[in-house]
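Visitor: Supplied in structure tokens, the structure appears directly below.
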Amino acid sequence: MSHHIVEVKQLRHVYPDGTAALNEVSFRIHHGESVAVIGANGAGKSTLLLHLNGYLTATSGEIVIGDTTLAKENLAEIRRTVGMVFQDPDDQLFMPTVFDDIAFGPLNMGLSAAEVEARVMEALQRVEAVALRDKPPYHLSGGEKKRVAIATVLSMMPEILVLDEPTNGLDPHARRQLIALLRAFHHTRIVTSHDLDMVLELCERTIVLHEGRVMADGPTMEIFNNEELLKSCRLEKPFAMQGCPVCSPERSVIPAQKPLVPPHGDKNHDHKH
């Protein structure tokens, strides 16, 4: 593989109804980077991700993975390299049991039964879901489905992990589990998300899409500190960067409320963050 592992060159996608979802999108992602693609609804994030392993075909432009230009004749090779985790895990889980879903990819690669078993168990261990092996996917919680969906991709041993809104719909505990899991994946990660606090934790680089165009591409902290850029792209800072809503001067216009009486009448109770 070359020194860069994903290159998107002047990518354009127009849907059959004439909607231009992507307009001349270009960027390069190097091996081992963790990159977020953010933007408001309709910015083109999911459309972009679906191009990275050929689920959608570009109207014009090209995508290069390693030294290979994505094309119909090499889709199988590209999809072994680029593992895609969809926003809705129900789009990815369709077999009678969790084991069958995770085994589906390796079986189609022509691996032996022993190799398939080994890959399934390794993937289940990595997402901490060994106990789910024989369960039907429709009996799983949302967080469990997300982890199993990721396991179906990990069993293919991809070099690039692409995730569309991975924390969408998860409760706080499941979200924290997922973030820890993604942090442990040391190859290239490309993530779209409205969960900008997750982006702040996981991604050192962020690409901002707005109306199908790249508006910014740089270090995540620089992007999130550019208030003019965020406002123009209908975005806000992550909650972790917004400060206390009570103490921050810019948020001081708050309807007056009666003071709360501290437990046991403690008049010296301090406001703590």
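The values are calculated or read from the model by the stated rules, or taken from the named source; none is laboratory data. Please read these numbers as outputs of a predicted model, since none were measured by experiment. So basically every Cβ, Gly included, is an ideal-geometry build from the backbone, and we count neighbours across all protein chains shown.
Visitor: For segment 51-75: of the residues being of a type outside the set (A, V, I, L, M) and in contact (Cβ under 8 Å) with a residue 60 or more places away in the chain, which is surrounded by the most Cβ atoms within 10 Å (Cβ to Cβ)? Walk me through it before giving the result.
Guide: So the first thing to find is which residues in segment 51-75 are of a type outside the set (A, V, I, L, M), and the list is 51, 53-55, 57, 59-62, 66-69, 72-74.
Next cut, in contact (Cβ under 8 Å) with a residue 60 or more places away in the chain only: 53, 66-67.
Numbers: ASN53: 21, GLY66: 19, ASP67: 9.
Checked segment 51-75; the qualifying residue surrounded by the most Cβ atoms within 10 Å (Cβ to Cβ) is ASN53.
Visitor: Residue by residue through segment 192-205, note down the ones that are surrounded by 18 or more Cβ atoms within 10 Å (Cβ to Cβ) and within 12 Å of the chain's Cα centre (by Cα).
Guide: Scanning segment 192-205 gives THR192, SER193, ASP195, LEU196, MET198, VAL199, LEU202, CYS203.
Every residue, every condition in (1) out of contact with any strand residue (DSSP E or B) (no Cβ under 8 Å at 6 or more places or on another chain); (2) more than 21 Å from SER46 (Cα to Cα), yes or no:
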site: ARG147; (1), (2): yes, no
site: SER155; (1), (2): yes, yes
site: LEU161; (1), (2): no, no
site: ASN168; (1), (2): yes, no
site: ASP197; (1), (2): yes, no
site: ASP217; (1), (2): no, no
site: MET221; (1), (2): yes, yes
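Visitor: How many of the residues making up segment 226-245 are in contact (Cβ under 8 Å) with a residue 12 or more places away in the chain and in a loop (DSSP other than H, G, I, E, B)?
Guide: 7
Visitor: Right, something else. Cβ contacts < 9 Å: first residue part of a loop (DSSP other than H, G, I, E, B), restricted to segment 124-150; second residue among the acidic types (Asp, Glu) and surrounded by fewer than 22 Cβ atoms within 10 Å (Cβ to Cβ), any location; separation 6+ or different chain. Result?
Guide: That search, which allows pairs on different chains as well, returns ALA129/GLU144; LYS135/GLU144; SER141/ASP171.
Visitor: Small (Gly, Ala, Ser), surrounded by 17 or more Cβ atoms within 10 Å (Cβ to Cβ), part of a loop (DSSP other than H, G, I, E, B) and touching a residue at least 60 places away in the same chain (Cβ under 8 Å): does that describe ALA43? So that I can check it myself, show each step before the final result.
Guide: On the way: small (Gly, Ala, Ser): yes; surrounded by 17 or more Cβ atoms within 10 Å (Cβ to Cβ): yes; part of a loop (DSSP other than H, G, I, E, B): yes; touching a residue at least 60 places away in the same chain (Cβ under 8 Å): yes.
In short, yes.
Visitor: Go through segment 153-162 and count every residue that is assigned to a helix (DSSP H, G or I) and over 16 Å from ALA76 (Cβ atoms).
Guide: Residues flagged as assigned to a helix (DSSP H, G or I) and over 16 Å from ALA76 (Cβ atoms) within segment 153-162 amount to 1.
Visitor: Out of (1) under 23 Å from TYR55 (Cα atoms); (2) in contact with a helix residue (DSSP H, G or I) (Cβ under 6 Å, 6 or more places away or on another chain); (3) assigned to a loop (DSSP other than H, G, I, E, B), the odd one out for GLY169 is which?
Guide: (1)
Visitor: Mind checking whether some residue in segment 155-162 is surrounded by 18 or more Cβ atoms within 10 Å (Cβ to Cβ) and out of contact with any helix residue (DSSP H, G or I) (no Cβ under 8 Å at 6 or more places or on another chain)?
Guide: No: segment 155-162 contains no residue that is surrounded by 18 or more Cβ atoms within 10 Å (Cβ to Cβ) and out of contact with any helix residue (DSSP H, G or I) (no Cβ under 8 Å at 6 or more places or on another chain).
Visitor: Of ARG133, ARG189, which residue is out of contact with any Lys or Arg (no Cβ under 8 Å at 6 or more places or on another chain) and either under 24 Å from GLU222 (Cβ atoms) or surrounded by 20 or more Cβ atoms within 10 Å (Cβ to Cβ) (or both)? So that I can check it myself, show each step before the final result.
Guide: On the way: ARG133 fails: either under 24 Å from GLU222 (Cβ atoms) or surrounded by 20 or more Cβ atoms within 10 Å (Cβ to Cβ) (or both).
Within the list ARG133, ARG189, the selection yields ARG189.
Visitor: Considering only segment 89-123, state which residues are surrounded by fewer than 19 Cβ atoms within 10 Å (Cβ to Cβ), of a type outside the set (A, V, I, L, M, F, W, C) and touching a residue at least 40 places away in the same chain (Cβ under 8 Å).
Guide: ASP90, PRO96, THR97 - these are the residues of segment 89-123 that are surrounded by fewer than 19 Cβ atoms within 10 Å (Cβ to Cβ), of a type outside the set (A, V, I, L, M, F, W, C) and touching a residue at least 40 places away in the same chain (Cβ under 8 Å).
Visitor: The conditions are (1) under 24 Å from the mean Cα position of the chain (by Cα); (2) farther than 26 Å from GLU165 by Cβ, and VAL116 fails exactly one of them. Which is it?
Guide: (1)
Visitor: Quick one: is LEU124 over 24 Å from PRO166 (Cβ atoms) and out of contact with any strand residue (DSSP E or B) (no Cβ under 9 Å at 6 or more places or on another chain)?
Guide: Against the criterion (over 24 Å from PRO166 (Cβ atoms) and out of contact with any strand residue (DSSP E or B) (no Cβ under 9 Å at 6 or more places or on another chain)), LEU124 does not qualify.
Visitor: From the list HIS13, HIS3, which residue is more than 18 Å from the chain's Cα centre (by Cα) and either crowded, with 21+ Cβ neighbours inside 10 Å or modelled with pLDDT of 95 or more (or both)?
Guide: Step by step, each of HIS13, HIS3 is checked, and only HIS13 is more than 18 Å from the chain's Cα centre (by Cα) and either crowded, with 21+ Cβ neighbours inside 10 Å or modelled with pLDDT of 95 or more (or both).
Visitor: Now for a separate question. Kindly establish whether PHE86 is in contact with an Asp or Glu (Cβ under 9 Å, 6 or more places away or on another chain), among the aromatic types (Phe, Trp, Tyr), surrounded by 13 or more Cβ atoms within 10 Å (Cβ to Cβ) and at pLDDT 95 or above.
Guide: no
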